[in-house]
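All remarks here apply to the structure that follows.
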Amino acid sequence: MYRAEGAYERDTRYLTTRVTADGTDGWPVEHGRYRLVVARACPWANRAIMVRRLLGLEAAISMAITGPVHDEHSWNFAETTPGGRDPVLGIERLEEAYLARDPHYDKGVTVPALVDIPTGQVVTNDFAQLTLDFSTEWRRFHRAGAPDLYPTDHRDEIDAVMADVYDDVNNGVYRAGFAGTQEDYEAAYERVFHRLDRLEARLGTQRYLVGDTITEADVRLFTTLVRFDAVYHGHFKCNRQKLTEFPALWAYARDLFQTPGVGDTIDFVHIKRHYYCVHQDINASGIVPAGPDLGGWLLPHGRDALGGRPFGNGSPPGPPPDAEIVADSHAPRFDVTVVRG
């Protein structure tokens, strides 16, 4: 995934087949046919969890949650399912679904992965396209009142914002954390904070990144922001400022966190255990920090004054399915009464 003596390089050799309404790639949209395998710890998987929940796709696409840590044989269900085996796919490790697709598979065994239940094969792990397809290809299974996270009239702007956020923030923190030289680290560090400064200015005058409702762009930025102080500030050495020291970004992140379907997908225990336990090359002790204090996530954010409505003409999702509720001990106690807008 990265060079020990140079710049970090993300492995982007994904399985890019798609599940589409017309089944162009041989995988048609079907209610109940696919299972989304995720890890709550992973920001890329967190996007898929969040979009699925906001759109109300829980009944159409079931979800399997792995534990927060993995070894050389990939993500597993040892901590999250009785007997350590996913009850639907019948597998102990996600690697098994990749090998069912290709016995000689030699790319990354990553989450999120969308698995075809009848064959047990991974259809796609292309996380960027997956959530866009949830918004566009799966429309007939969206809940009543689902938001349009990828509105046609804003797509060019959304795509441009997401590209900058991915390059400099989503992937930028990894470039800093896994840099193999001082020069590469400092270059990545500067890019992260240059982009955060620009986002701080942008969000000082508007509630959301594009338009006046939540879009895919907000989902993609949020999953990095919510991990910033807990992980990236210290573990990845992105320590010029904490998120809590950016007035607009911190208020924006709290606004989203307090929105149903967003903050209720976040598991801080899984997040911290994953990064600090798995990345032994940069945290050899495996010690997981006790902080930071999470209480601030539920403080009033004041973003309502900027206008906008999270769901546009739609409505918030209902409570998550019982099996998908994040334990109170793993996150700030979530009270929907604090939600505004």
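Within the group Arg93, Arg3, which residue is of a type in the set (D, E, K, R), over 30 Å from Thr181 (Cα atoms) and either in contact with a His (Cβ under 6 Å, 6 or more places away or on another chain) or modelled with pLDDT under 95 (or both)? Give the steps one after another, and end with the answer.
Details: Arg3 fails: over 30 Å from Thr181 (Cα atoms).
Just one listed residue meets the conditions, Arg93.
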- prompt: If you check every pair at least six apart or on different chains, which have Cβ atoms under 7 Å apart with a residue in region 307-329 that is modelled with pLDDT of 95 or more first and a residue that is acidic (Asp, Glu) and not in a loop (DSSP other than H, G, I, E, B) second?
  reply: Pro320/Asp264; Val326/Asp264
message: Name the residue that is farthest from Met63 (Cα to Cα), counting only residues in region 81-110 that are open to solvent by 50 Å² or more (accessible area, probe 1.4 Å) and in contact (Cβ under 8 Å) with a residue 12 or more places away in the chain.
response: Lys107
task: Can you work out which of the residues in region 51-67 that are in contact with a Leu (Cβ under 8 Å, 6 or more places away or on another chain) and among the small types (Gly, Ala, Ser) is most open to solvent (accessible area, probe 1.4 Å)?
output: Ser62
query: When the residues of region 139-160 are filtered to those that are without any contact (Cβ under 8 Å) to a residue 60 or more places away in the chain and open to solvent by less than 60 Å² (accessible area, probe 1.4 Å), which remaining residue is nearest to the chain's Cα centre (by Cα)?
result: Ile158
field: Breaking point among (1) open to solvent by less than 10 Å² (accessible area, probe 1.4 Å); (2) in contact with a strand residue (DSSP E or B) (Cβ under 7 Å, 6 or more places away or on another chain), for His70
entry: (1)
message: Looking only at residues that are surrounded by fewer than 16 Cβ atoms within 10 Å (Cβ to Cβ) and among the polar types (S, T, N, Q) in region 267-288, which one is nearest to the chain's Cα centre (by Cα)?
response: Gln280
- prompt: Identify, please: which residue in region 296-306 is part of a helix (DSSP H, G or I) and touching a residue at least 12 places away in the same chain (Cβ under 8 Å) and is, among those, surrounded by the fewest Cβ atoms within 10 Å (Cβ to Cβ)?
  reply: Asp304
task: Could you figure out which of (1) out of contact with any strand residue (DSSP E or B) (no Cβ under 6 Å at 6 or more places or on another chain); (2) of a type in the set (S, T, N, Q); (3) open to solvent by less than 20 Å² (accessible area, probe 1.4 Å) isn't true of Thr124?
output: (1)
Cβ pairs under 7 Å, 6+ apart, first in region 219-231 and closer than 17 Å to Val288 by Cα and in contact (Cβ under 8 Å) with a residue 12 or more places away in the chain, second open to solvent by 10 Å² or more (accessible area, probe 1.4 Å) and of a type in the set (S, T, N, Q): Asp229/Thr244
message: Just to be sure before I move on: is Ala187 small (Gly, Ala, Ser), open to solvent by 10 Å² or more (accessible area, probe 1.4 Å) and over 15 Å from Tyr252 (Cα atoms) in the structure I sent?
response: yes
statement: Checking Leu130, Leu149, Leu114 in turn, the sole residue that is part of a loop (DSSP other than H, G, I, E, B) and either more than 30 Å from Asp184 (Cα to Cα) or small (Gly, Ala, Ser) (or both) turns out to be Leu149
task: Give the residue that is nearest to Phe178 (Cα to Cα), with candidates limited to residues of region 271-295 that are in a loop (DSSP other than H, G, I, E, B) and of a type in the set (Val, Ile, Thr).
output: Ile282
message: I'd like to know if region 31-50 contains one or more residues that are open to solvent by 10 Å² or more (accessible area, probe 1.4 Å), without any contact (Cβ under 8 Å) to a residue 24 or more places away in the chain and not in a loop (DSSP other than H, G, I, E, B).
response: no
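Okay, residues lined up against (1) of a type in the set (A, V, I, L, M, F, W, C); (2) within 23 Å of Gly302 (Cα to Cα); (3) touching a Leu at 6+ places or on another chain (Cβ under 9 Å):
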{"position": "Val192", "(1), (2), (3)": "yes, no, no"}
{"position": "Leu196", "(1), (2), (3)": "yes, yes, yes"}
{"position": "Thr213", "(1), (2), (3)": "no, yes, yes"}
{"position": "Glu216", "(1), (2), (3)": "no, yes, yes"}
{"position": "Leu225", "(1), (2), (3)": "yes, yes, yes"}
- request: Keeping to region 307-331, report how many residues are in a loop (DSSP other than H, G, I, E, B) and open to solvent by 40 Å² or more (accessible area, probe 1.4 Å).
  value: 9
field: Pair list, Cβ under 8 Å, 6 or more apart: region 250-267 residue more than 23 Å from Thr205 (Cα to Cα), other residue open to solvent by less than 10 Å² (accessible area, probe 1.4 Å) and of a type in the set (S, T, N, Q)
entry: Thr265/Asn46; Ile266/Asn46
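The values are calculated or read from the model by the stated rules, or taken from the named source; none is laboratory data. Remember, it's a predicted structure, so these values are computed and weren't measured experimentally. Neighbour counts run over all protein chains shown; Cβ positions are idealised from the backbone, glycine included. Only protein heavy atoms, including side chains, enter the accessible area calculation; ligands, DNA and RNA are left aside. Shrake-Rupley method; radii C 1.70, N 1.55, O 1.52, S 1.80 Å.
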